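What follows is a set of notes on a single structure, which appears directly below.
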Amino acid sequence: MLAVVKNPPPAILLMGPTASGKTAAALELAERFPLELISVDSALVYRDMDIGTAKPDRATLGRYPHALIDLISPEESYSAARFVTEAEAAMDAATARGKIPLLVGGTMLYYKALLQGLSDLPQANPEVRAAIDAEAAARGWPALHAELARHDPATATRLAPNDAQRIQRALEILRLTGQPMSALLVKNETALPQRNYLALGLLPSDRSVLHARIAERFEQMLAAGLEDELRQLRSKYQLTPELPSMRCVGYRQAWEAAEGIIPHRELRDRGIFATRQLAKRQITWLSNTLECERFDCLEPKLFSQLAEQVGKLLA
């Protein structure tokens, strides 16, 4: 069992669905308090993927540096285990400099791994994944989702029928271990948080307003050159649609439009719909899995409310 740390150093978690205003809130808090920002975003780890990930621009990153951004090539994969290792190192470094780590982002699995530990899951197996992809090409992801539901209903219930990346991973684990992923994803009771976490969750009181924000942001990405960015990525790197980087919301739809898999006129609507589905999953995580102090991300006085909580932590 891990030793309990007496008087653990503080850290702040700023969680919320896409378009909830996490980055803006984090920058305001960093302006007021002695904080160092650490990204908790599985898409921001990729270099050269800027527009479709809503990555802060260079001027912003120059003034408010974020750890764990631009770590790997889009040809590579990043894991929750690596995130935990690198996030803990970044937090330790911030503490050593006399700063408070502020972890901000929307990849809820990473927060769960940080707070509750990692289950002993098998590593990715290229052969098994290729076989699953071939089955999906022949039968469709909803059919594989139905297969997953027969063997691992708990996992299938929380996945959309077309959530290719997560369905593939759940089936991969099932085929490699003979056990459902839900049975393996048990909380590690011996993994005790080594920090005093203040978890702040941004949730919308009116989802229609969040949906309008999502639509506006995706339209801005298209206007800023998302499709050109994808073309540049494909010319620079050896990419396939199965890579995690190209499964990111926005890039997947842009790829399908470029290949004629979907009509180009549907790119906008499909991208917005996929982003709304992502936000729905993030809200479910925050509502059912991750404990946090909840705040209405649409509240005009949001920053003052967050600042009050941070001030109490640092008092």
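Figures for the structure shown
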read-out	value
Residue tally, condition more than 17 Å from THR53 (Cα to Cα), within 21 Å of the chain's Cα centre (by Cα) and of a type outside the set (Asp, Glu), over region 240-268	1
In region 281-292, the residues that are over 20 Å from SER208 (Cα atoms) and surrounded by 12 or more Cβ atoms within 10 Å (Cβ to Cβ)	THR289, LEU290, CYS292
Test: residue in region 238-245 that is crowded, with 17+ Cβ neighbours inside 10 Å, closer than 30 Å to GLY311 by Cβ and either touching a His at 6+ places or on another chain (Cβ under 6 Å) or assigned by TED's automatic domain parsing to the domain that holds VAL84 (or both)	no
Filtered residues of region 115-128 (kept if closer than 10 Å to GLN168 by Cβ and buried (at least 16 other Cβ atoms within 10 Å of the Cβ))	VAL128
GLY140 surrounded by fewer than 15 Cβ atoms within 10 Å (Cβ to Cβ), touching a residue at least 24 places away in the same chain (Cβ under 8 Å) and out of contact with any Lys or Arg (no Cβ under 8 Å at 6 or more places or on another chain)	no
Residue in region 238-261 that is touching a Lys or Arg at 6+ places or on another chain (Cβ under 9 Å) and among the hydroxyl-bearing types (Ser, Thr, Tyr) present	no
Yes/no for GLU256 being in the same structural domain as SER208 (by TED's automatic domain parsing) and either part of a loop (DSSP other than H, G, I, E, B) or more than 27 Å from LEU159 (Cα to Cα) (or both)	no
Any hit, region 7-22, residues being over 26 Å from LEU286 (Cβ atoms) and crowded, with 16+ Cβ neighbours inside 10 Å	no
Residue within region 161-182 that is over 20 Å from the mean Cα position of the chain (by Cα), farther than 19 Å from THR240 by Cβ and of a type in the set (Ser, Thr, Tyr) present	yes
Some residue of region 205-214 being of a type in the set (Val, Ile, Thr), surrounded by 19 or more Cβ atoms within 10 Å (Cβ to Cβ), touching a residue at least 12 places away in the same chain (Cβ under 8 Å) and in the same structural domain as LYS301 (by TED's automatic domain parsing)	yes
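The values are calculated or read from the model by the stated rules, or taken from the named source; none is laboratory data. Values in this document were obtained by computation on a predicted structure and should not be read as measured data. Neighbour counts run over all protein chains shown; Cβ positions are idealised from the backbone, glycine included.
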